[in-house]
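K.L.:
This structure is in structure tokens; I'll ask about it shortly.
The values are calculated or read from the model by the stated rules, or taken from the named source; none is laboratory data. Since this is a predicted model, take the numbers as computed values, not measurements. Glycine gets a Cβ as well: all are built from the backbone with ideal geometry, and neighbour counts include every protein chain shown. Each accessible area value is taken on the protein alone, full model and side chains, heavy atoms only, with ligands, DNA and RNA left out. Shrake-Rupley method; radii C 1.70, N 1.55, O 1.52, S 1.80 Å.
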Amino acid sequence: MMNEWKTRTKLVHAGARRSQYGEMSEAIFVTQGFVYDSAEQAEARFIESGPDEFIYARYGNPTVRMFEERMAAIEGTEDAFATASGMAAVNGALTSMLKAGDHVVAARALFGSCLYVLEILGRFGVEVTLVNGTDLDQWRDAVRDGTKAVFLESVSNPTLEVIDVRSVAEIAHAKGATVIVDNVFATPTFSKAVELGADVVVYSATKHIDGSGRCLGGVVCGPRDYVRKVFEPYLKHTGGAMSPFNAWVMLKGMETLDLRVRQQAANAHAIAEALEGHEKLSRVLFPGLPGHAQHAIAMEQMGAGGTVVSLDVAGGQAGAFRFLNALEIVKISNNLGDAKTIITHPATTTHQRLPPEQRTELGITPGLVRLSVGIEDVDDLLADIRGALASV
């Protein structure tokens, strides 16, 4: 019956397990290990454990398993594996399937830490080719026979380029490559990555899934053979498992995820429309605006512009800092997807380790700020933003 449920019902109930006490809220199983009825049972579990059979917290846990099953239900994948952070998910998704001599093609516009993971893979003999993710000809030229994987953010951080996932997946699959999509900016609410052709979908659960700035977490969703035979062995032996408490927080966050994200997206759209053409801004980047270069793709893939608006403030870094420092409701933080509206200056925070020429190539100008829109009253947010812009 669960497969027939609508999204909000799955977000509240999918994967739920109850102990003999019949608790309403999911239980937190705070334990490192598990007890076996016999030596034979222990031996059997180490050979192959079922969905409700556990060995060690690094391998799996009932609370974590609830979160994994709920995420798989939402994404429409066979399975999922939870990790300690979003970057543990990204690193594991790539590293678990790659070895020296393999070839990966990735979009050049990625979160700074994602670019660093690709850099590390290169040190260990994996050939990495970076392309302009919005240029399908570059994907066609780069993906070749033997390419092991392609990796992209469906919406790039922080310049909000929208990748044509369906077309990239067709190019990759024609050469036998696995398509790995970081879908954080699309959110589980607006995600259609699997439907569009993604094989593996990665989330930083730290963002919209938690939604209240409480815990780190990540999750990888995909085919069961990949999740359990490729990804799980790597993660359980390298130690990137999610804690039971964090899994419980994520489960609670998922109950209100759809409601929060839809309000965040509506607020983001209203802010982008209101600020477009503002005299103190050289650019307003938001996929929901008709003038965005990939607006049509965004509407096809998500049906909304998302929860993030990027603004290019006049006066470069000095203007951006003056703007940030004048905000009152909006808080300066390098997270995103929170119920609170938060803002960061990518050139000096999330992407500061990139050389200036690479930031320029990616469109990360000294005046660019990334605004992650929350659920506050949009009129209050606009008053705060306009007041801060007046100080520039």
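K.L.:
Please specify each residue of the stretch 179-217 satisfying the condition of being farther than 13 Å from Asp258 by Cα, over 8 Å from the mean Cα position of the chain (by Cα) and either of a type in the set (Asp, Glu) or not in a loop (DSSP other than H, G, I, E, B) (or both).
P.N.:
Val179, Ile180, Val181, Ala193, Val194, Glu195, Leu196, Asp199, Val200, Val201
K.L.:
Looking only at the stretch 327-344, count how many residues are outside any loop (DSSP other than H, G, I, E, B), among the hydrophobic types (A, V, I, L, M, F, W, C) and open to solvent by 20 Å² or more (accessible area, probe 1.4 Å).
P.N.:
Within the stretch 327-344, residues that are outside any loop (DSSP other than H, G, I, E, B), among the hydrophobic types (A, V, I, L, M, F, W, C) and open to solvent by 20 Å² or more (accessible area, probe 1.4 Å) number 1.
K.L.:
So how many residues does the stretch 89-136 have that are closer than 19 Å to Pro355 by Cβ, part of a loop (DSSP other than H, G, I, E, B) and not small (Gly, Ala, Ser)?
P.N.:
Total meeting the criteria: 4.
K.L.:
Does Ala296 satisfy the condition of being surrounded by fewer than 20 Cβ atoms within 10 Å (Cβ to Cβ), in contact (Cβ under 8 Å) with a residue 24 or more places away in the chain and on the phi < 0 side of the Ramachandran plot? Don't jump to the end; show me each part of the working.
P.N.:
Working: surrounded by fewer than 20 Cβ atoms within 10 Å (Cβ to Cβ): yes; in contact (Cβ under 8 Å) with a residue 24 or more places away in the chain: no; on the phi < 0 side of the Ramachandran plot: yes.
No; evaluated as a whole, the condition is false for this residue.
K.L.:
Another question about this same structure. Is there a residue being outside any helix (DSSP H, G or I), farther than 20 Å from Pro346 by Cβ, open to solvent by 30 Å² or more (accessible area, probe 1.4 Å) and of a type in the set (D, E, K, R) anywhere in the stretch 226-234?
P.N.:
Among the residues of the stretch 226-234, not one is outside any helix (DSSP H, G or I), farther than 20 Å from Pro346 by Cβ, open to solvent by 30 Å² or more (accessible area, probe 1.4 Å) and of a type in the set (D, E, K, R), which makes the answer no.
K.L.:
If you don't mind, another one. Right, Thr134: open to solvent by 10 Å² or more (accessible area, probe 1.4 Å), among the β-branched types (Val, Ile, Thr) and under 22 Å from Ala265 (Cβ atoms) or not? Steps first, please.
P.N.:
Values: open to solvent by 10 Å² or more (accessible area, probe 1.4 Å): yes; among the β-branched types (Val, Ile, Thr): yes; under 22 Å from Ala265 (Cβ atoms): yes.
So Thr134 fits the description; yes.
K.L.:
Now a separate question. Do you know which residues across the stretch 16-70 are of a type in the set (Ser, Thr, Tyr) and either farther than 30 Å from Asp258 by Cβ or not in a loop (DSSP other than H, G, I, E, B) (or both)? So that I can check it myself, show each step before the final result.
P.N.:
Just the residues of the stretch 16-70 that are of a type in the set (Ser, Thr, Tyr), to begin with: 19, 21, 25, 31, 36, 38, 49, 56, 59, 63.
Answer for the stretch 16-70, where residues must be of a type in the set (Ser, Thr, Tyr) and either farther than 30 Å from Asp258 by Cβ or not in a loop (DSSP other than H, G, I, E, B) (or both): Thr31, Tyr36, Ser38, Ser49, Tyr56, Tyr59, Thr63.
K.L.:
Exactly one condition in (1) β-branched (Val, Ile, Thr); (2) free of Cβ contacts under 8 Å to residues at least 60 places away in the same chain; (3) open to solvent by less than 40 Å² (accessible area, probe 1.4 Å) is not met by Thr360; state its number.
P.N.:
All conditions are met except number (3).
K.L.:
A follow-up question, please. How many residues does the stretch 269-286 contain that are among the small types (Gly, Ala, Ser), in contact (Cβ under 8 Å) with a residue 12 or more places away in the chain and closer than 17 Å to Val313 by Cα?
P.N.:
3
K.L.:
Looking at the stretch 181-191, can you tell me whether even one residue there is surrounded by fewer than 24 Cβ atoms within 10 Å (Cβ to Cβ), in contact with a helix residue (DSSP H, G or I) (Cβ under 8 Å, 6 or more places away or on another chain) and under 22 Å from Arg359 (Cα atoms)?
P.N.:
For the stretch 181-191, residues surrounded by fewer than 24 Cβ atoms within 10 Å (Cβ to Cβ), in contact with a helix residue (DSSP H, G or I) (Cβ under 8 Å, 6 or more places away or on another chain) and under 22 Å from Arg359 (Cα atoms): absent.
K.L.:
Next question, about the same structure. In the stretch 303-326, how many are assigned to a loop (DSSP other than H, G, I, E, B) and either buried (at least 24 other Cβ atoms within 10 Å of the Cβ) or among the aromatic types (Phe, Trp, Tyr) (or both)?
P.N.:
Total meeting the criteria: 3.
K.L.:
Further question on the same structure: Going through the stretch 318-341 one residue at a time, which ones are touching a His at 6+ places or on another chain (Cβ under 7 Å) and under 18 Å from Leu216 (Cα atoms)?
P.N.:
Of everything in the stretch 318-341, just one residue is touching a His at 6+ places or on another chain (Cβ under 7 Å) and under 18 Å from Leu216 (Cα atoms), namely Gly337.
K.L.:
Can I ask one more? Please enumerate the residues belonging to the stretch 192-225 that are open to solvent by 10 Å² or more (accessible area, probe 1.4 Å) and of a type in the set (Val, Ile, Thr).
P.N.:
Val194, Thr206
K.L.:
So which of Phe34, Phe29 ends up being modelled with pLDDT of 95 or more and more than 19 Å from Ala84 (Cα to Cα)?
P.N.:
That would be Phe34, the only listed residue that is modelled with pLDDT of 95 or more and more than 19 Å from Ala84 (Cα to Cα).
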